[in-house]
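To start, the structure under review is shown below, and the notes come after it.
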Amino acid sequence: MREEGRTLASVDRALGLLDALAELPSGARVSELAQRTGVNQSTVSRLLGTLMARGFVDRDDATARYRLGLRLVAYGDAVLAGLDVRTIARPQLEWLVAQTGETATLSVPGETQPFTIDFVPSPSNVASRAELGRPSVTHATVTGKLLLAFGPLPLDRLGPEPYERFTDRTPTTREELAREVERVRTEGVAYGLQEREPGLNAVGAPVLGRTQALVAMLSIQGPASRLHARRMSGLGALLKEAANAVGAALGGQP
(Lines give C-alpha, C1' and ligand atoms only; values in the text may rest on other atoms or scores of the structure.)
Protein backbone atom coordinates (compact mmCIF):
# COMPACT_ATOMS: atom_id res chain seq x y z
CA MET A 1 0.00 0.00 0.00
CA ARG A 2 2.91 2.33 0.82
CA GLU A 3 4.50 1.65 -2.59
CA GLU A 4 1.18 2.29 -4.31
CA GLY A 5 0.82 5.55 -2.39
CA ARG A 6 4.28 6.73 -3.48
CA THR A 7 3.47 5.89 -7.11
CA LEU A 8 0.22 7.83 -7.05
CA ALA A 9 1.97 10.78 -5.41
CA SER A 10 4.57 10.93 -8.20
CA VAL A 11 1.88 10.78 -10.86
CA ASP A 12 0.09 13.63 -9.12
CA ARG A 13 3.30 15.68 -9.04
CA ALA A 14 3.96 15.01 -12.72
CA LEU A 15 0.44 16.10 -13.64
CA GLY A 16 0.91 19.19 -11.49
CA LEU A 17 4.00 20.07 -13.55
CA LEU A 18 2.00 19.72 -16.77
CA ASP A 19 -0.70 21.98 -15.32
CA ALA A 20 1.93 24.55 -14.38
CA LEU A 21 3.53 24.47 -17.83
CA ALA A 22 0.09 24.89 -19.43
CA GLU A 23 -0.18 28.22 -17.58
CA LEU A 24 3.31 29.28 -18.73
CA PRO A 25 3.37 29.25 -22.54
CA SER A 26 6.84 30.87 -22.59
CA GLY A 27 8.20 28.00 -20.51
CA ALA A 28 9.81 27.80 -17.07
CA ARG A 29 13.05 26.67 -15.42
CA VAL A 30 13.28 23.96 -12.80
CA SER A 31 13.51 26.47 -9.97
CA GLU A 32 10.37 28.31 -11.14
CA LEU A 33 8.41 25.08 -11.42
CA ALA A 34 9.57 23.93 -7.99
CA GLN A 35 8.37 27.19 -6.45
CA ARG A 36 5.06 27.08 -8.31
CA THR A 37 4.25 23.44 -7.48
CA GLY A 38 5.79 23.22 -3.99
CA VAL A 39 7.95 20.24 -5.02
CA ASN A 40 11.72 20.22 -4.36
CA GLN A 41 13.99 20.94 -7.32
CA SER A 42 15.62 17.51 -7.51
CA THR A 43 12.21 15.80 -7.75
CA VAL A 44 11.02 18.32 -10.33
CA SER A 45 14.16 17.68 -12.38
CA ARG A 46 13.65 13.90 -12.31
CA LEU A 47 9.98 14.21 -13.21
CA LEU A 48 10.76 16.54 -16.11
CA GLY A 49 13.34 14.08 -17.40
CA THR A 50 10.73 11.31 -17.43
CA LEU A 51 8.15 13.53 -19.13
CA MET A 52 10.73 14.59 -21.73
CA ALA A 53 11.56 10.96 -22.50
CA ARG A 54 7.88 10.35 -23.33
CA GLY A 55 7.46 13.55 -25.37
CA PHE A 56 5.15 15.32 -22.92
CA VAL A 57 7.70 18.05 -22.21
CA ASP A 58 10.39 19.75 -24.32
CA ARG A 59 13.48 21.66 -23.13
CA ASP A 60 15.08 24.68 -24.75
CA ASP A 61 18.80 24.08 -24.17
CA ALA A 62 19.64 27.74 -24.82
CA THR A 63 17.41 29.02 -22.00
CA ALA A 64 17.00 25.87 -19.86
CA ARG A 65 13.25 26.44 -20.01
CA TYR A 66 10.77 23.58 -20.22
CA ARG A 67 7.57 23.69 -22.28
CA LEU A 68 4.72 21.33 -23.03
CA GLY A 69 5.60 18.80 -25.73
CA LEU A 70 3.88 17.85 -28.96
CA ARG A 71 2.89 14.43 -27.61
CA LEU A 72 0.02 16.19 -25.84
CA VAL A 73 -1.36 17.38 -29.18
CA ALA A 74 -1.77 13.76 -30.30
CA TYR A 75 -3.60 12.95 -27.07
CA GLY A 76 -5.87 15.94 -27.54
CA ASP A 77 -6.67 14.87 -31.08
CA ALA A 78 -7.48 11.36 -29.87
CA VAL A 79 -9.91 12.74 -27.29
CA LEU A 80 -11.62 14.98 -29.85
CA ALA A 81 -11.88 12.14 -32.36
CA GLY A 82 -13.85 10.14 -29.82
CA LEU A 83 -16.44 12.84 -29.28
CA ASP A 84 -19.76 12.34 -31.02
CA VAL A 85 -20.86 15.69 -32.41
CA ARG A 86 -24.48 14.50 -32.47
CA THR A 87 -24.48 13.73 -28.75
CA ILE A 88 -22.85 17.05 -27.96
CA ALA A 89 -25.09 19.10 -30.25
CA ARG A 90 -28.41 17.48 -29.32
CA PRO A 91 -29.08 19.68 -26.24
CA GLN A 92 -28.38 22.76 -28.34
CA LEU A 93 -30.84 21.60 -31.02
CA GLU A 94 -33.49 21.12 -28.35
CA TRP A 95 -32.70 24.54 -26.89
CA LEU A 96 -33.02 26.18 -30.30
CA VAL A 97 -36.43 24.60 -30.85
CA ALA A 98 -37.57 25.73 -27.40
CA GLN A 99 -36.38 29.28 -28.11
CA THR A 100 -37.68 29.61 -31.67
CA GLY A 101 -40.48 27.09 -32.14
CA GLU A 102 -38.87 26.04 -35.44
CA THR A 103 -37.10 22.91 -36.66
CA ALA A 104 -33.38 22.79 -35.72
CA THR A 105 -30.88 20.75 -37.72
CA LEU A 106 -27.29 19.57 -37.38
CA SER A 107 -25.29 19.15 -40.58
CA VAL A 108 -21.71 18.15 -41.35
CA PRO A 109 -19.57 19.21 -44.32
CA GLY A 110 -19.14 16.81 -47.19
CA GLU A 111 -16.69 17.21 -50.05
CA THR A 112 -19.01 19.48 -52.05
CA GLN A 113 -22.29 19.42 -50.05
CA PRO A 114 -23.40 19.49 -46.41
CA PHE A 115 -25.37 16.53 -45.03
CA THR A 116 -28.02 16.52 -42.30
CA ILE A 117 -27.14 14.09 -39.49
CA ASP A 118 -29.65 15.08 -36.80
CA PHE A 119 -32.64 17.33 -36.23
CA VAL A 120 -35.31 18.23 -33.70
CA PRO A 121 -38.68 19.02 -35.30
CA SER A 122 -40.80 22.04 -34.59
CA PRO A 123 -43.80 21.34 -32.32
CA SER A 124 -46.00 23.38 -34.66
CA ASN A 125 -48.55 21.72 -36.93
CA VAL A 126 -47.10 23.75 -39.80
CA ALA A 127 -43.38 23.04 -39.76
CA SER A 128 -40.38 22.55 -42.00
CA ARG A 129 -39.42 18.92 -42.67
CA ALA A 130 -35.83 17.67 -42.26
CA GLU A 131 -34.43 14.34 -43.48
CA LEU A 132 -31.42 12.50 -42.06
CA GLY A 133 -28.66 11.97 -44.60
CA ARG A 134 -30.15 14.43 -47.04
CA PRO A 135 -27.54 16.53 -48.88
CA SER A 136 -28.12 20.26 -49.10
CA VAL A 137 -27.89 22.25 -52.32
CA THR A 138 -24.68 24.16 -51.74
CA HIS A 139 -25.48 27.37 -53.59
CA ALA A 140 -29.07 27.69 -52.31
CA THR A 141 -29.00 26.79 -48.59
CA VAL A 142 -27.58 28.30 -45.40
CA THR A 143 -25.50 25.19 -44.70
CA GLY A 144 -24.07 25.38 -48.20
CA LYS A 145 -23.12 29.03 -47.67
CA LEU A 146 -21.45 28.07 -44.38
CA LEU A 147 -19.48 25.33 -46.12
CA LEU A 148 -18.27 27.82 -48.71
CA ALA A 149 -17.51 30.52 -46.12
CA PHE A 150 -15.75 28.43 -43.46
CA GLY A 151 -14.83 25.16 -45.14
CA PRO A 152 -12.19 24.32 -47.76
CA LEU A 153 -14.66 24.24 -50.66
CA PRO A 154 -13.86 26.86 -53.33
CA LEU A 155 -16.59 28.37 -55.50
CA ASP A 156 -15.14 26.91 -58.69
CA ARG A 157 -15.97 23.39 -57.45
CA LEU A 158 -19.68 24.15 -57.85
CA GLY A 159 -19.56 23.77 -61.62
CA PRO A 160 -20.42 26.13 -64.46
CA GLU A 161 -22.79 29.06 -64.23
CA PRO A 162 -25.65 29.62 -64.14
CA TYR A 163 -26.36 27.51 -61.06
CA GLU A 164 -29.70 25.76 -60.92
CA ARG A 165 -32.56 28.12 -60.10
CA PHE A 166 -35.10 26.80 -57.57
CA THR A 167 -36.96 30.05 -56.87
CA ASP A 168 -36.71 33.63 -58.06
CA ARG A 169 -34.42 34.29 -55.06
CA THR A 170 -31.83 31.57 -55.80
CA PRO A 171 -28.33 32.97 -56.45
CA THR A 172 -27.35 31.62 -59.86
CA THR A 173 -24.05 33.38 -60.62
CA ARG A 174 -20.63 33.10 -59.00
CA GLU A 175 -20.56 36.85 -58.43
CA GLU A 176 -23.84 36.80 -56.49
CA LEU A 177 -22.80 33.83 -54.44
CA ALA A 178 -19.31 35.21 -53.75
CA ARG A 179 -20.81 38.40 -52.29
CA GLU A 180 -23.12 36.39 -50.08
CA VAL A 181 -20.34 34.05 -48.92
CA GLU A 182 -18.15 37.02 -47.98
CA ARG A 183 -21.01 38.50 -45.94
CA VAL A 184 -21.48 35.15 -44.16
CA ARG A 185 -17.77 34.96 -43.41
CA THR A 186 -17.81 38.49 -41.98
CA GLU A 187 -20.98 38.14 -39.87
CA GLY A 188 -20.51 34.52 -38.83
CA VAL A 189 -24.10 33.62 -39.68
CA ALA A 190 -25.95 32.64 -42.87
CA TYR A 191 -29.49 33.59 -43.87
CA GLY A 192 -31.69 31.96 -46.46
CA LEU A 193 -34.81 33.72 -47.72
CA GLN A 194 -36.83 31.32 -49.87
CA GLU A 195 -33.77 30.44 -51.96
CA ARG A 196 -34.22 26.65 -52.00
CA GLU A 197 -37.98 26.34 -51.62
CA PRO A 198 -40.78 28.92 -51.87
CA GLY A 199 -42.07 29.86 -48.43
CA LEU A 200 -39.07 28.37 -46.56
CA ASN A 201 -36.56 30.52 -44.64
CA ALA A 202 -33.53 29.46 -42.62
CA VAL A 203 -30.68 30.73 -40.43
CA GLY A 204 -27.40 28.91 -39.78
CA ALA A 205 -24.08 29.24 -37.96
CA PRO A 206 -20.79 27.30 -38.16
CA VAL A 207 -19.43 24.98 -35.49
CA LEU A 208 -15.66 25.52 -35.44
CA GLY A 209 -13.38 23.00 -33.76
CA ARG A 210 -9.99 23.14 -32.09
CA THR A 211 -8.08 24.45 -35.12
CA GLN A 212 -10.98 26.70 -36.14
CA ALA A 213 -11.84 24.17 -38.84
CA LEU A 214 -15.49 23.71 -39.82
CA VAL A 215 -16.77 20.67 -37.91
CA ALA A 216 -20.53 21.03 -38.31
CA MET A 217 -23.35 23.51 -38.88
CA LEU A 218 -26.42 24.34 -36.81
CA SER A 219 -29.48 25.81 -38.49
CA ILE A 220 -33.15 26.50 -37.93
CA GLN A 221 -35.71 26.50 -40.70
CA GLY A 222 -39.38 27.26 -40.92
CA PRO A 223 -42.22 28.85 -42.87
CA ALA A 224 -41.44 32.35 -44.09
CA SER A 225 -44.69 33.54 -42.48
CA ARG A 226 -43.17 32.86 -39.03
CA LEU A 227 -39.45 32.87 -39.74
CA HIS A 228 -39.59 36.24 -41.44
CA ALA A 229 -36.84 38.76 -42.16
CA ARG A 230 -37.64 40.89 -39.09
CA ARG A 231 -36.70 37.97 -36.81
CA MET A 232 -33.48 37.13 -38.60
CA SER A 233 -30.88 39.14 -36.65
CA GLY A 234 -32.11 37.90 -33.28
CA LEU A 235 -32.21 34.33 -34.53
CA GLY A 236 -28.69 34.70 -35.88
CA ALA A 237 -27.46 35.59 -32.40
CA LEU A 238 -29.15 32.48 -30.98
CA LEU A 239 -27.59 30.27 -33.65
CA LYS A 240 -24.11 31.63 -32.99
CA GLU A 241 -24.53 31.10 -29.25
CA ALA A 242 -25.56 27.47 -29.75
CA ALA A 243 -22.88 26.79 -32.38
CA ASN A 244 -20.16 28.32 -30.18
CA ALA A 245 -21.23 26.09 -27.28
CA VAL A 246 -20.91 22.98 -29.44
CA GLY A 247 -17.58 24.15 -30.82
CA ALA A 248 -16.20 24.78 -27.32
CA ALA A 249 -17.23 21.26 -26.26
CA LEU A 250 -15.27 19.95 -29.26
CA GLY A 251 -12.13 21.81 -28.26
CA GLY A 252 -12.70 25.09 -30.10
CA GLN A 253 -12.54 28.59 -28.70
CA PRO A 254 -15.41 29.36 -26.28
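The values are calculated or read from the model by the stated rules, or taken from the named source; none is laboratory data. Predicted model only: the values in this text are computed from it and were never measured. In this analysis, Cβ positions are derived from the backbone assuming ideal geometry, glycine residues included, and neighbour counts consider all displayed protein chains. Just the protein is used for accessible areas: all its heavy atoms, side chains included, with ligands, DNA and RNA removed. Shrake-Rupley method; radii C 1.70, N 1.55, O 1.52, S 1.80 Å.
Observations, loosely collected:
- Between 0 and 90°, nearest 10: helix 85-100 axis offset from the chain longest Cα axis: 50 degrees
- A straight line joining the Cα centroids of the stretch 228-244 and the stretch 25-104 runs 33 Å.
- For the stretch 26-108, the fraction of C-alpha pairs more than 15 angstrom apart is 69%.
- Matching the structure-derived Kirkwood radius over Cα pairs in Å against the labelled list (i) 20.9; (ii) 23.4; (iii) 19.0 gives the label (i).
- Per-residue [θ]222 nm for the chain (sum of -39500 (n - 2.57) over DSSP H runs n ≥ 4, rounded to 500): -14000 deg cm²/dmol
- Acute angle (nearest 10 degrees) that the helix 71-81 long axis makes with the longest principal axis of the chain, alpha-carbon atoms: 30 degrees
- Between the Cα long axis of helix 174-187 and the first principal axis of the chain there is an angle of about 50°, rounded to the nearest 10.
- Longest stretch of the chain clear of exposed loop sites (GluC sites (Glu not before Pro), DSSP loop, at most 12 other Cβ atoms within 10 Å, sites excluded): 165-254.
- Potential lengthening between E187 and L18 on full extension [0.36 nm per residue; Cα-Cα distance subtracted]: 57.1 nm
- Using a cutoff of 8 angstrom between alpha carbon atoms and counting only pairs six or more residues apart, the relative contact order for the chain works out to 14 percent.
- Check: the chain dipole with +1 on Lys, Arg Cβ and -1 on Asp, Glu Cβ, in debye: 480 debye
- In order along the stretch 206-219, the Karplus-derived 3J(HN,Hα) couplings, from 6.51 cos²θ - 1.76 cosθ + 1.60 at θ = phi - 60°, round to x, 9, 9, x, 4, 9, 6, 7, 6, 9, 7, 9, 9, 8 Hz, and Gly and Pro are given as x.
- Accessible area of the stretch 171-254 belonging to carbon and sulfur atoms, whole % at 1.4 Å probe: 52 percent
- Per residue accessible area in Å² of the chain, where ligands, DNA and RNA are left out and the probe is 1.4 Å: 53 Å²
- Fluctuation leader among G27, G110, G144 - the chain, Gaussian network, Cα springs under 10 angstrom: G27
- Diffusion constant of the stretch 71-217 at 20 °C, which comes from Stokes-Einstein with the Kirkwood Cα-pair radius and 1.002 mPa s, µm²/s: 133 µm²/s
- Karplus-derived HN-Hα couplings along the stretch 223-238 (A = 6.51, B = -1.76, C = 1.60, θ = phi - 60°), whole Hz, x at Gly and Pro: x, 4, 5, 9, 8, 8, 4, 5, 8, 4, 5, x, 5, x, 5, 5
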